[in-house]
Amino acid sequence: MAKWKSPIFSDIRNKLGDNVVFSMWKGRPYMRAFVMPANPNSLAQQANRAHMAAIVALYQANVKGTAINAAAWDLEALPKLISGYNIFTKYGRQGSQTVVGGLKEPGIVVTSLAAGTLDVELVASAIPADRLAMMSCSTLDVPIEISTKRGLGNYVPGSWVTPPVDTDLLYVVDTKVLAGADIETTAKLYKAVNHWVPDETAGTITPLVVTA
């Protein structure tokens, strides 16, 4: 996608033959190559669509309906000139699959979800390292706590003051998206962006849930 400035074509929208598409996004004109959409509905596509749908549902349930939470994410997105919804979904999706050295590499690697040997590795995330963390919640999605560890690496039982136990849910969070009187270490679901690992060979997503 390329941006341009022109006093003549400042608000042109449409496609030029089957070569170039002109449009506007958040007041910024852009152009891109015209591509005929393909929809083979592969297992990889099914997994990624399911993952995106789950992240959108997470946003709608914990951010969109609460003005102060939505404002916190909009503030996070402001320097990038995008919406809070856009950056929430970006953080959620880019934590699951990223391109490293031309290869697709999983952003979340699960070694063990057993309570005593819990080991979830975050190997890629769009969230800055100083604010990236994991959060454990009860089965009722009542927040328990955010990990003391920050950044990429392995989240093991020692990464929390109180290690997650059987049936706890694990989320990837941005600790510095703050609403109201909350602080970085306050466990609130509006901070959470991801809770699933997509399996492109099976076409499914797997939630991060602690086992016995």
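Each row is one residue, and each column tells you yes or no for (1) in contact with a Cys (Cβ under 9 Å, 6 or more places away or on another chain); (2) part of a helix (DSSP H, G or I); (3) surrounded by 18 or more Cβ atoms within 10 Å (Cβ to Cβ).
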position	(1), (2), (3)
61	no, yes, no
70	no, yes, yes
73	no, yes, yes
76	no, yes, yes
79	no, yes, no
82	no, no, no
86	no, yes, no
93	no, yes, yes
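Just a yes or no: is a residue in region 181-192 within 18 Å of residue 119 (Cα to Cα), among the hydroxyl-bearing types (Ser, Thr, Tyr) and not in a loop (DSSP other than H, G, I, E, B)? No, because not a single residue in region 181-192 is within 18 Å of residue 119 (Cα to Cα), among the hydroxyl-bearing types (Ser, Thr, Tyr) and not in a loop (DSSP other than H, G, I, E, B).
Considered as a group, the residues in region 87-105 that are modelled with pLDDT of 80 or more and of a type outside the set (Lys, Arg) include one that is farthest from the chain's Cα centre (by Cα), and that residue is 87. Here's a check for you: in region 184-199, which residue that is modelled with pLDDT under 95 and among the β-branched types (Val, Ile, Thr) is surrounded by the most Cβ atoms within 10 Å (Cβ to Cβ)? Restricting to residues being modelled with pLDDT under 95 and among the β-branched types (Val, Ile, Thr), the top hit is 197. For residue 128, indicate whether it is more than 14 Å from residue 95 (Cα to Cα) and of a type outside the set (Asp, Glu). When the stated conditions are applied, residue 128 does not pass them. Which residues, counting only those in region 135-157, are of a type in the set (Val, Ile, Thr) and within 18 Å of the chain's Cα centre (by Cα)? If the condition is that a residue be of a type in the set (Val, Ile, Thr) and within 18 Å of the chain's Cα centre (by Cα), then 146 is the only one that fits.
So that you can scan it fast, the table gives a plain yes or no per residue for (1) farther than 30 Å from residue 42 by Cα; (2) within 16 Å of the chain's Cα centre (by Cα):
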site: 167; (1), (2): yes, no
site: 171; (1), (2): no, yes
site: 191; (1), (2): yes, yes
site: 201; (1), (2): no, no
site: 205; (1), (2): no, yes
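If you check 202, 114 for being in contact (Cβ under 8 Å) with a residue 24 or more places away in the chain, loosely packed, with under 13 Cβ neighbours inside 10 Å and more than 25 Å from residue 84 (Cβ to Cβ), only one passes: 202. Just one of the listed residues (50, 2) is of a type outside the set (D, E, K, R), in contact with a strand residue (DSSP E or B) (Cβ under 6 Å, 6 or more places away or on another chain) and either modelled with pLDDT of 70 or more or closer than 30 Å to residue 201 by Cα (or both), and it is 50. The set of residues from region 127-170 being basic (Lys, Arg) and either touching a residue at least 60 places away in the same chain (Cβ under 8 Å) or out of contact with any helix residue (DSSP H, G or I) (no Cβ under 7 Å at 6 or more places or on another chain) (or both) comprises 131, 150.
The values are calculated or read from the model by the stated rules, or taken from the named source; none is laboratory data. Model, not experiment: these values are computed from the prediction. Cβ coordinates were reconstructed from backbone atoms using ideal geometry, including for glycine residues, and neighbour counts include every protein chain displayed.
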